[in-house]
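All remarks here apply to the structure that follows.
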Amino acid sequence: MSVFTRVTADELSSWLKRYAIGTLLDLQGIAAGIENTNYFVTTSQGRFVLTLFERLGAGELPFYLNLMAHLARQGIPCPAPVADQSKSYLGNLNGKPATLVTCLPGVPVGSPQPRHCEQVGAILADTHLAGRGYSGGLENPRGPRWWRDAAREVSSFLDADRRELLDSELEFQMRHRALDLPRGPIHADRFRDNVLFEGDRIGGVIDFYFAGIDALLFDVAVTVNDWCVNPAGEIDRERAAALLAAYRRVREFTPAEQEAWPVLLRAAALRFWLSRLYDFYLPRAGELTHAHDPEHFRRVLEARRARPFPLV
């Protein structure tokens, strides 16, 4: 979502000739996030988002693009990839894999209320049900194997207390990872900045490029750990209750999920503490970049370890 790769209006105008979406009117870089290069693209036929992939290779991308196309066809408000005249969702622009998707309405909510969390919980469950018919297979790319690799790379930057916290949580997660839970495609990054609201209604869910196959409950834990926490990392019970109750009205949690919930809340906190440590200490050069403070998710992880929160 940051601008790592510059694209000029002339370069994009030439590239857009492969699409039937009109002529380029405006091109604007999106200065948020840390993974990909994104631009708002306005043409004579509408508004789109152009993404150039900085880390993902062309071989990995069909899983994400086909998942978004599948969910959009099922009525989930997510970006729909735009096919070019050869019916491909993926091209190459300035040496990077690139795609165009529809631009969804709305803006992120910075201070969510229970009414926002209720809608987020409902659309999360709808997405999990809609994903059952998707045949693509890609294990969560930021799952346990990545945790171990990232931990080795960031460990030398940490003081003794943080290194002990990281090591002990990794050991805990490895002991509890063999859980028999419902699985399927998950968004895995449904944070506040990836959900757009028009007033009190969801306009869309964006940025599926951390998606993968994993426990559905992990997706719920990721979402609660962002939408339902205060700055100290503690769960706001009213917001969490609204989100989880709305989810359960669409898809009920299994007994195994109820038992595993404290473990998955900790796993979700660990995953984002690690990714923020990695991006903070090992950043890439970018034209417009923004790395999040890793200390927030350290606090979230410590809070989940000290005070488990019930699922139901």
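Where a number appears in this text, it was derived from the coordinates with a stated rule and is not lab data. Only a predicted model underlies this, so the values are computations on that prediction, with no experimental measurement involved. Backbone-built Cβ (ideal geometry, glycine too); neighbour counts: all protein chains shown.
Can you tell me the length gained on complete extension of the stretch Glu139 to Ala306, counting 0.36 nm per residue apart and subtracting the Cα distance?
Fully extending the segment from Glu139 to Ala306 adds 57.2 nm.
To two decimal places, what compactness ratio does the chain give when its Cα radius of gyration is scaled by 2.2 N^0.38 Å?
Cα-based Rg divided by the globular estimate yields 1.00.
On a 0 to 90 degree scale, rounded to 10, what angle separates helix 144-154 from the longest Cα axis of the chain?
Taking the Cα atoms of the chain, the angle to 144-154 is about 90 degrees.
What order do you get for 156-169, 215-228, 55-68, 195-208 when each peptide is scored by the mean count of other beta carbon atoms within 10 Å, highest first?
Top of the packing list down: 215-228, 195-208, 55-68, 156-169.
Let's test this: bin the Cα-Cα distances of segment 204-312 at 5 Å from zero up to the farthest pair and state each bin's percent.
Histogram of Cα-Cα distances, whole percents per bin: 2, 11, 20, 23, 19, 14, 6, 3, 1, 0.
Output the 0 to 90 degree angle, nearest 10, between the alpha-carbon long axis of helix 255-281 and the longest principal axis computed from the alpha carbons of the chain.
Computed tilt is about 60 degrees.
Using θ = phi - 60° and the Karplus relation 6.51 cos²θ - 1.76 cosθ + 1.60, list the HN-Hα couplings for segment 63-74 in order, rounded to whole Hz, with x at every Gly or Pro.
Once θ is set to phi - 60°, the couplings for segment 63-74 become 4, 5, 5, 5, 5, 4, 4, 4, 5, 4, 5, 7 Hz.
Cα axis of helix 114-130 to longest principal axis of the chain: angle in degrees, 0 to 90, nearest 10?
70
How are the Cα pair distances of segment 224-269 distributed, in percent, across 5 Å bins from 0?
Binned Cα distances yield the sequence 5, 20, 24, 31, 16, 3, 1.
Count the net charge of all other residues whose Cβ sits under 13 Å from the Cβ of Asp149, scoring Lys and Arg as +1 and Asp and Glu as -1.
+4
Please give the charge dipole size of the chain, origin at the Cα centre, charges +1 on K and R Cβ atoms and -1 on D and E Cβ atoms. Round to the nearest 20 debye.
Computed about the Cα centre, the dipole is about 500 debye.
May I ask you to list the residues of segment 207-251 whose amide nitrogen lies under 17 Å from a point 7 Å from Cα along the Cα→beta-carbon direction of Gln258?
217, 241, 244-251
Label point 7 Å out from Arg249 along Cα-to-Cβ: which residues of segment 184-227 have amide N under 15 Å?
201-202
With each label point set 7 Å from Cα along the Cα-Cβ vector, what nm distance links Arg183 and Asp149?
Distance between label points: 1.8 nm.
Would you mind classifying segment 27-111 by shape? Square roots of the alpha carbon gyration tensor eigenvalues, ordered a ≥ b ≥ c; an a/c under 1.5 is rounded, otherwise it is prolate if a/b is larger than b/c and oblate if not.
rounded
Rg(Cα) of segment 164-247 divided by 2.2 N^0.38 Å?
Relative to the rule-of-thumb radius for its length, segment 164-247 sits at 1.24.
Calculate for the chain the 222 nm mean residue ellipticity that helices alone would give, adding -39,500 (n - 2.57) per DSSP H run of length 4 or more and normalising by residue count, nearest 500 deg cm²/dmol.
Mean residue ellipticity at 222 nm (helix-derived): -13500 deg cm²/dmol.
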